[in-house]
Amino acid sequence: MEHITETPTLKAPGERFTGDVYLNMIEAPTEPARLSAALVRFTPGARTNWHSHANGQTLHITDGVGLVGTRDGNVVRVGAGQTVKCPAGEEHWHGATDTTLMAHIAMVVGDGNGDGTTWLEPVTDEQYTRALNSNS
């Protein structure tokens with residue numbers, strides 16, 4: 001057994017996120033296990049860039065209200081206690097609404113060369129506003 005009493009809160013890198021986002025790593029992908037898990041907190045209006053995962057991603061919302069969107073325009077509004085699964089290779093983004101914080105536990109299974117995430121371009125303000133309006 002390993003008891004981890006705390007992990008430092010880090011500001012998420014600006015080249016992968018819009019707005020203020022903070023994370024606490026829960027588990028880093030180390031062989032032979034490949035699970036990566038983090039508690040991620042988004043301030044109002046903050047969001048990830050478009051991205052995908054080699055083996056998919058599971059998001060479990062712990063607090064607040066947020067959005068998860070895909071390239072085909074599908075957007076779901078999520079709240080505490082809900083879970084969203086993004087399949088392998090699906091380009092998507094997630095973040096808080098414009099008026100509320102949102103926190104989730106993000107879980108991915110790595111591909112043997114890290115966590116298997118491919119980071120893409122930022123979600124534009126227009127795309128974000130369209131997502132907000134489609135889920136008012």
Positions within the range 38-68 being among the aromatic types (F, W, Y) and either surrounded by 21 or more Cβ atoms within 10 Å (Cβ to Cβ) or free of Cβ contacts under 8 Å to residues at least 24 places away in the same chain (or both), in sequence order | F42
Only one of these conditions is not met by D115: (1) over 23 Å from E6 (Cα atoms); (2) in contact (Cβ under 8 Å) with a residue 60 or more places away in the chain; (3) acidic (D, E). Which number is it?
-> (1)
Among the candidates P32, P13, P44, which residue alone is in contact with a strand residue (DSSP E or B) (Cβ under 7 Å, 6 or more places away or on another chain) and part of a loop (DSSP other than H, G, I, E, B)?
-> P44
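Read the figures in this text as sums done on the coordinates, not as results from a lab. Computed from a predicted structure; not experimentally measured. As a convention, Cβ positions derive from the backbone with ideal geometry for all residues, glycine included, and neighbour counts pool all protein chains shown.
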